[in-house]
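Encoded as C-alpha coordinates, the structure appears first; notes follow it.
The values are calculated or read from the model by the stated rules, or taken from the named source; none is laboratory data. What you see is a predicted model, and the numbers here were worked out from it, not measured in a lab. Here Cβ is always computed from backbone atoms with ideal geometry, including for glycine, and neighbour counts include all displayed protein chains. Just so you know, the surface numbers come from the protein's heavy atoms only, side chains and all, with ligands and any DNA or RNA stripped out. Shrake-Rupley method; radii C 1.70, N 1.55, O 1.52, S 1.80 Å.
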Amino acid sequence: MQKKKVAVFGCKDTTAYLIKELKKFTHVDTLITLAPDHSESAKVAGYQDLSYLKTEIPNVYQVNKYNLKSKEDQDYIKSLNLDIAFVAGWQRL
(Lines give C-alpha, C1' and ligand atoms only; values in the text may rest on other atoms or scores of the structure.)
Protein backbone atom coordinates (compact mmCIF):
# COMPACT_ATOMS: atom_id res chain seq x y z
CA MET A 1 0.00 0.00 0.00
CA GLN A 2 1.36 3.38 -1.00
CA LYS A 3 1.83 6.02 1.68
CA LYS A 4 -0.90 8.68 1.59
CA LYS A 5 0.09 12.34 1.19
CA VAL A 6 -1.25 14.29 4.15
CA ALA A 7 -1.31 18.07 4.63
CA VAL A 8 -2.59 20.47 7.25
CA PHE A 9 -3.66 24.04 6.52
CA GLY A 10 -3.64 26.53 9.37
CA CYS A 11 -1.99 29.35 11.27
CA LYS A 12 -3.24 29.12 14.85
CA ASP A 13 -2.58 27.20 18.04
CA THR A 14 -5.43 24.85 17.08
CA THR A 15 -3.42 23.94 13.97
CA ALA A 16 -0.43 22.92 16.08
CA TYR A 17 -2.73 20.88 18.33
CA LEU A 18 -4.27 19.08 15.35
CA ILE A 19 -0.82 18.21 14.01
CA LYS A 20 0.28 16.88 17.41
CA GLU A 21 -2.80 14.64 17.59
CA LEU A 22 -2.61 13.49 13.96
CA LYS A 23 0.99 12.41 14.41
CA LYS A 24 -0.17 9.87 16.99
CA PHE A 25 -1.90 7.98 14.15
CA THR A 26 -0.26 9.02 10.90
CA HIS A 27 2.38 11.23 9.34
CA VAL A 28 1.97 14.83 8.21
CA ASP A 29 3.92 15.59 5.03
CA THR A 30 3.09 19.25 4.57
CA LEU A 31 1.98 22.26 6.56
CA ILE A 32 0.47 25.13 4.59
CA THR A 33 0.62 28.22 6.78
CA LEU A 34 0.87 32.00 6.84
CA ALA A 35 4.06 33.99 7.43
CA PRO A 36 4.05 36.37 10.40
CA ASP A 37 4.37 39.44 8.18
CA HIS A 38 1.10 38.53 6.42
CA SER A 39 -0.95 37.89 9.56
CA GLU A 40 -1.62 41.52 10.46
CA SER A 41 -2.65 42.61 6.98
CA ALA A 42 -4.92 39.57 6.70
CA LYS A 43 -6.41 40.39 10.12
CA VAL A 44 -6.03 36.84 11.40
CA ALA A 45 -7.47 36.57 14.91
CA GLY A 46 -5.35 34.44 17.22
CA TYR A 47 -2.53 34.00 14.71
CA GLN A 48 0.40 31.81 15.73
CA ASP A 49 3.71 31.56 13.87
CA LEU A 50 4.07 27.83 13.16
CA SER A 51 7.49 28.02 11.52
CA TYR A 52 8.93 26.15 14.53
CA LEU A 53 7.22 23.02 13.17
CA LYS A 54 9.83 22.86 10.39
CA THR A 55 11.76 20.49 12.64
CA GLU A 56 8.80 18.08 12.77
CA ILE A 57 7.22 18.35 9.33
CA PRO A 58 9.26 17.75 6.17
CA ASN A 59 7.55 20.45 4.13
CA VAL A 60 6.35 23.78 5.54
CA TYR A 61 5.02 26.22 2.96
CA GLN A 62 4.16 29.84 3.77
CA VAL A 63 1.55 31.17 1.37
CA ASN A 64 1.82 34.41 -0.58
CA LYS A 65 -1.84 35.34 -0.01
CA TYR A 66 -4.12 34.36 2.84
CA ASN A 67 -7.01 33.86 0.44
CA LEU A 68 -4.90 31.36 -1.56
CA LYS A 69 -5.75 33.10 -4.82
CA SER A 70 -2.16 33.62 -5.94
CA LYS A 71 -1.25 31.44 -8.91
CA GLU A 72 2.00 30.45 -7.20
CA ASP A 73 0.15 29.17 -4.12
CA GLN A 74 -2.43 27.31 -6.19
CA ASP A 75 0.18 25.72 -8.44
CA TYR A 76 2.24 24.64 -5.45
CA ILE A 77 -0.71 23.09 -3.63
CA LYS A 78 -1.81 21.26 -6.79
CA SER A 79 1.73 19.94 -7.27
CA LEU A 80 1.57 18.20 -3.91
CA ASN A 81 -1.03 15.71 -5.21
CA LEU A 82 -2.50 15.40 -1.73
CA ASP A 83 -4.66 12.49 -0.71
CA ILE A 84 -6.12 14.32 2.26
CA ALA A 85 -5.87 17.79 3.76
CA PHE A 86 -7.04 18.91 7.18
CA VAL A 87 -7.94 22.53 7.90
CA ALA A 88 -7.74 23.97 11.40
CA GLY A 89 -7.26 27.62 12.13
CA TRP A 90 -7.77 29.08 8.68
CA GLN A 91 -10.87 31.22 8.91
CA ARG A 92 -11.33 31.94 5.21
CA LEU A 93 -10.78 28.48 3.85
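Here is how the numbers come out for the structure above:
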| quantity | calculated |
| --- | --- |
| Area of TYR52 that stays accessible when all protein chains are in place (1.4 Å probe, Å², to 10) | 110 |
| Length added when fully stretched, THR26-LYS54, from 0.36 nm per residue minus Cα-Cα | 8.4 nm |
| Fraction of accessible area attributable to carbon and sulfur, the chain (%, probe 1.4 Å) | 52 |
| Acute angle (nearest 10 degrees) that the helix 13-22 long axis makes with the longest principal axis of the chain, alpha-carbon atoms | 0 |
| Computed lengthening from GLN74 to TYR61, 0.36 nm per intervening residue step minus Cα-Cα distance | 3.5 nm |
| Normalised convex hull volume, the stretch 1-66, alpha-carbon set, Å³ per residue | 79 |
| Inverse of mean 1/r across different Cα pairs in the stretch 29-93, Kirkwood, Å | 12.5 |
| The chain - share of DSSP beta bridges that are antiparallel (%, nearest 5) | 10 |
| Positive minus negative residues near LEU82 (Lys, Arg vs Asp, Glu; Cβ under 13 Å) | +2 |
